[in-house]
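**Q** Right, I'll just put the structure down here and ask away after.
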Amino acid sequence: MKLVLVESPAKAKTIGKYLSKEYQVLATYGHVRDLPSKSGSVEPENDFAFHWELEARGARQMKEIVRSLKGKTQLLLATDPDREGEAIAWHVEDVLRQGKALQNVEVQRVVFHAVTKSSILEALQHPRSINASLVEAYLARRALDYLVGFTLSPVLWRKLPGSRSAGRVQSVALRLVVDREVEIEKFNTQEFWSITGTFLTSHNDTFEAKLSAIGKEKLDKFAIKNQQEAENVLRRLRATSSYFKVVSLEKKRVKRHPYAPFLTSTLQQDASRKLGFSVRKTMQLAQNLYEGMDIGGDSVGLITYMRTDSVSVVPEAVQTARKMIADTFGASYVPESPRVFQNKVKNAQEAHEAIRPTDLTRTPEQLKTKLPADHFALYSLIWRRMVASQMAAALFDQTSVDLANEEFVFHATGSTQVFDGFLRLYEETRDEPQDVNAVLPPLSEGEKTTLRTLAPLQHFTQPPPLYTEASLVKKLEELGIGRPSTYASILQVLRDRGYVRTEKKVFFPEERGRLVTAFLTSFFKTYVEYTFTADLEQKLDDVSNARLAWREVLTQFWTGFKDTVDAAKTLSLTEVIEKLNQELQDHIFQKSEDVEEARQCPDCKKGRLSLKLGKFGAFVGCSAYPECRYTRRLEIAESSTEAESDKVEQRGPKILGKDDAGEEIVLRTGRFGPYVQRGNTVPTKTAARWTKTAEKTATKDQSAKNQLSMQEEQPRVRASIPRGLDPENITLKQALVLLSLPKKLGVCEKTGHPVTIGHGRFGLFIRRDNQYLSIRKPEEMFSLDLKEALRRLEVAPQKTSKERSFKKTTKRRVRS
């Protein structure tokens, strides 16, 4: 008998159907242990020793694994095929060995990139040992993140009141957002003009061309600077001949080749642009598609592993795609030879496959009625991108023409599609606006045309756009900062900390985020440099490829970083304020034409305004304090929750739809965060107080229990959005589930007690009598049934002495 361990119960369920009774499949539910959130979990002075601690859920799962190992001869660690999966496998084996639970049990690692029967059976034929280099790269990354977070954050709290935390990658991503905002603020708009002429050919066809030269002088973008210069040029043009000869005509055929299949970052970007999905939502949906979806009563893994930097595809999938293209679109849409793509990602790692459907013959049309709408949309995007990557190039005829009289030259370009190729199936969208080439009429060199009209047009240079999720992910990838698998959590942390906010999918830095960035660039400049972070990522890659020792990387980093932290600890508040005033002066007074006048105190007229740091954060105050007590908040210094509330009220509530009774279900944001509401009636304070009183007394008084039960049966008026769910992507169906809480799933036959799902102050939970169990992933609530709830409750029994032994902190030095 053999025990197979995977990360999620969904994957365990799917894999269990493919294996014989010789195998038992269990889930670890992700990491079973982690570094406790306290000082001393990593000891640099003790050769970077780690002190791991089993989480409560991890302890329960380890007990279940130990129980299931009895009578087994082999343990197969089949966690995800990346560094994180390798780390989970290592943690599980390490805990089991410490608990002496692996006696007479062979431990092996198996890896598969698709949850299909053929992939799993193939993987079982090629087991291996745990990859020590990948584990060491994980240890180095985990130590770096811990040491930065738990060493730098306390400095921030003491020196910059109101700040939340700093992180190795998080702070660099924040700097990108802030630097872009500063770049926009400092941008000087420049005026320029262009002149377009409308020409008539000898065949009475019209087309437009732009003035490109006057005499022998070519006009650059800023050649015509203002309206007066434009009018002078127009007067000269009208005074010359209106006949223009075609003096240059160039025609060429160009090819546009298809894009490579998706890797993690490009999937995140295109799902954001085409489908409007957040990075987090994209990864949640992709995880579901990978682990297995219910298709006609059978759980099937629909896509390959979704965390990958590779664009390679196995030959079998390429041949299937080429055959489908020929059968569906014709032989002309199939290139002569299969396309092979080269990886362009900086610091690319993990030699996986690209993200593709596990079975290309499973077309989107076949799944349209079998998948939820969002899952279908993402699967369709992945399917079309994969198939299009093996299609023929699109062909265009491009024409470039110059028209001249005795003094002026006009230039026009045109493009005509002659073969759609891969564009018949898929076209990538971009954040930057693309120039659209007009279609030119037939022209020949030497042909005479007539200038009919002239149109001057005023332009202004535009600053670079603010980052969207898609463009920020693209920038992080280009710089080699972080990993695509971590981008979703990084962006969410920035929001949760109140460092940034999003409006219409665009990132804006909050004042708190600007202050933190100014502090870090002033006193920790090296560690928020883009090149430093990317170079550190490269070193971690070298560790994973056994080219560099992991402790060497940590030692090099820690030596300089600790000295910088120690120096920052000695900073006085005055030094911090002076530096921040220098960094943020332009921002604080940016809306005033006369900065010196703006800095004069409006109350006493004597003191000067400057940035101050108080107990609750930064503000602008008068230098004549305490004689003058004038203060004001920074431009957007309110808390992110208040700011979000204000913005939502300005935009108005978002109507999700109606319930069965015809009541509108509305998404709102209040002072305590986002929530969904049924109708426009807000519960009274009296009702809220009654509910709280009933809850407090329910366990003491049976009548109060009955009252509470009666109250729960009434339709709930509003419900807060659990942490972990993206309010922007909440659906009507999900909102109705939240409004139904607490929701009764059924009755436990074993105990006779009802089993319910609820939402309390500590999050979502499953309840059976006095037993409570947290639901760590809020999206699981929407598919949780009685059977799965009881299974989770059963594997979470009362603590035993054996379980307590697993809960003890494991304090050991990790040897390379």
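**Q** Only one residue in Thr517, Thr533, Thr526 is open to solvent by 30 Å² or more (accessible area, probe 1.4 Å) and on the phi < 0 side of the Ramachandran plot. Which one?
**A** Thr526
**Q** Just checking, does region 34-41 include any residue being surrounded by 18 or more Cβ atoms within 10 Å (Cβ to Cβ) and outside any loop (DSSP other than H, G, I, E, B)?
**A** Taking every residue of region 34-41 in turn, none turns out to be surrounded by 18 or more Cβ atoms within 10 Å (Cβ to Cβ) and outside any loop (DSSP other than H, G, I, E, B).
**Q** Under 7 Å by Cβ, and 6 or more places apart or on different chains, what pairs join a residue from region 742-763 that is within 19 Å of Arg776 (Cα to Cα) and in contact (Cβ under 8 Å) with a residue 40 or more places away in the chain with one that is in a loop (DSSP other than H, G, I, E, B) and open to solvent by 70 Å² or more (accessible area, probe 1.4 Å)?
**A** Pairs that qualify, where the first residue is within 19 Å of Arg776 (Cα to Cα) and in contact (Cβ under 8 Å) with a residue 40 or more places away in the chain and the partner is in a loop (DSSP other than H, G, I, E, B) and open to solvent by 70 Å² or more (accessible area, probe 1.4 Å), are Leu745/Asp785; Gly763/Arg723.
**Q** Being surrounded by 22 or more Cβ atoms within 10 Å (Cβ to Cβ), β-branched (Val, Ile, Thr) and within 33 Å of the chain's Cα centre (by Cα) is true for just one of Val311, Val318. Which residue is that?
**A** After ruling out the rest, the residue left standing is Val311.
**Q** Scan region 569-579 residue by residue and report those that are among the hydrophobic types (A, V, I, L, M, F, W, C) and either loosely packed, with under 13 Cβ neighbours inside 10 Å or touching a helix residue (DSSP H, G or I) at 6+ places or on another chain (Cβ under 7 Å) (or both).
**A** Leu571, Val576
**Q** So is Val409 modelled with pLDDT of 95 or more and assigned to a strand (DSSP E or B) or not?
**A** So Val409 fits the description; yes.
**Q** To continue, here is another question. What residue, among those in region 233-246 that are assigned to a strand (DSSP E or B) and open to solvent by less than 70 Å² (accessible area, probe 1.4 Å), is nearest to Phe199 (Cα to Cα)?
**A** Phe244
**Q** Okay, next question. Considering (1) touching a strand residue (DSSP E or B) at 6+ places or on another chain (Cβ under 7 Å); (2) open to solvent by 30 Å² or more (accessible area, probe 1.4 Å); (3) farther than 30 Å from Tyr772 by Cβ, say which one Ala114 fails and leave the rest.
**A** Among (1) touching a strand residue (DSSP E or B) at 6+ places or on another chain (Cβ under 7 Å); (2) open to solvent by 30 Å² or more (accessible area, probe 1.4 Å); (3) farther than 30 Å from Tyr772 by Cβ, Ala114 violates only (2).
**Q** Quick check on region 740-747. Is at least one of its residues closer than 28 Å to Leu494 by Cα and at pLDDT 80 or above?
**A** no
**Q** Quick check on my filter: what residues within region 252-303 are part of a loop (DSSP other than H, G, I, E, B) and not aromatic (Phe, Trp, Tyr)?
**A** Once the filter is applied, which keeps residues that are part of a loop (DSSP other than H, G, I, E, B) and not aromatic (Phe, Trp, Tyr), region 252-303 yields His257, Pro258, Ala260, Pro261, Leu263, Gly276, Ser278, Gly292, Gly296, Gly297, Gly301, Leu302.
**Q** In addition: Could you list all residues from region 465-487 that are open to solvent by less than 20 Å² (accessible area, probe 1.4 Å) and aliphatic (A, V, I, L, M)?
**A** Listed by number, the residues that qualify are Ala470, Leu472, Val473, Leu476, Ile481.
**Q** So if I check each of Val169, Val177, which one is open to solvent by less than 10 Å² (accessible area, probe 1.4 Å) and modelled with pLDDT of 90 or more?
**A** Criteria check complete, one pass: Val177.
**Q** Among the candidates Lys252, Lys216, Lys245, which residue alone is free of Cβ contacts under 8 Å to residues at least 60 places away in the same chain and of a type in the set (D, E, K, R)?
**A** Matching residue, one of Lys252, Lys216, Lys245: Lys216.
**Q** Scan Asp566, Asp542 and give me the residue that is charged (D, E, K, R) and open to solvent by less than 40 Å² (accessible area, probe 1.4 Å).
**A** Asp542
Residue by residue, here is whether (1) touching a strand residue (DSSP E or B) at 6+ places or on another chain (Cβ under 7 Å); (2) assigned to a helix (DSSP H, G or I); (3) exposed (fewer than 14 other Cβ atoms within 10 Å of the Cβ); (4) at pLDDT 75 or above holds:
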position: His587; (1), (2), (3), (4): no, yes, no, no
position: Ser592; (1), (2), (3), (4): no, no, yes, no
position: Pro626; (1), (2), (3), (4): no, no, yes, yes
position: Val666; (1), (2), (3), (4): yes, no, no, yes
position: Thr669; (1), (2), (3), (4): no, no, no, no
position: Pro674; (1), (2), (3), (4): yes, no, no, yes
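**Q** Would you point out which residue out of Val387, Val401, Val418 is of a type in the set (A, V, I, L, M), open to solvent by less than 30 Å² (accessible area, probe 1.4 Å) and either over 22 Å from Ala321 (Cβ atoms) or in a loop (DSSP other than H, G, I, E, B) (or both)?
**A** Exactly one residue qualifies, and that residue is Val401.
Condition check ((1) in contact with a Pro (Cβ under 9 Å, 6 or more places away or on another chain); (2) more than 30 Å from Leu571 (Cα to Cα); (3) among the β-branched types (Val, Ile, Thr)) across all residues:
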{"residue": "Leu476", "(1), (2), (3)": "yes, yes, no"}
{"residue": "Glu503", "(1), (2), (3)": "no, yes, no"}
{"residue": "Glu510", "(1), (2), (3)": "no, no, no"}
{"residue": "Arg514", "(1), (2), (3)": "no, no, no"}
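**Q** Scan region 32-54 and report the pairs whose first residue is at positive phi and whose second residue is at pLDDT below 90, with Cβ atoms within less than 8 Å and a gap of 6+ or a chain change.
**A** Taking only residues 6 or more apart or on different chains, the pairs are Asp47/Arg813; Phe48/Val814.
**Q** Arg307 fails exactly one of the following numbered conditions: (1) in contact with a helix residue (DSSP H, G or I) (Cβ under 6 Å, 6 or more places away or on another chain); (2) more than 18 Å from Pro484 (Cβ to Cβ). What is the number of that condition?
**A** Here Arg307 clears every test but (2).
**Q** Provide a single number: the residues in region 712-728 that are within 19 Å of the chain's Cα centre (by Cα), at pLDDT 75 or above and open to solvent by less than 30 Å² (accessible area, probe 1.4 Å).
**A** 2
**Q** Does region 208-223 include one or more residues that are β-branched (Val, Ile, Thr) and farther than 30 Å from Leu466 by Cβ?
**A** yes
**Q** Further question: Given the structure, is Leu152 crowded, with 20+ Cβ neighbours inside 10 Å and out of contact with any strand residue (DSSP E or B) (no Cβ under 9 Å at 6 or more places or on another chain)?
**A** yes
**Q** Residue pairs, Cβ under 7 Å, 6 or more apart or interchain, first in region 369-385 and farther than 22 Å from Gly421 by Cα and touching a residue at least 24 places away in the same chain (Cβ under 8 Å), second hydroxyl-bearing (Ser, Thr, Tyr) and surrounded by 17 or more Cβ atoms within 10 Å (Cβ to Cβ). List them.
**A** Leu371/Tyr379; Leu378/Thr282
**Q** Spot the failing condition for Gly617; the list is (1) at pLDDT below 75; (2) open to solvent by 50 Å² or more (accessible area, probe 1.4 Å); (3) on the phi > 0 side of the Ramachandran plot, and only one is missed.
**A** (2)
The values are calculated or read from the model by the stated rules, or taken from the named source; none is laboratory data. Since we're looking at a predicted model, the values are computed, not measured. Glycine gets a Cβ as well: all are built from the backbone with ideal geometry, and neighbour counts include every protein chain shown. We work out accessible area using only protein heavy atoms, side chains counted, and drop any ligands, DNA or RNA first. Shrake-Rupley method; radii C 1.70, N 1.55, O 1.52, S 1.80 Å.
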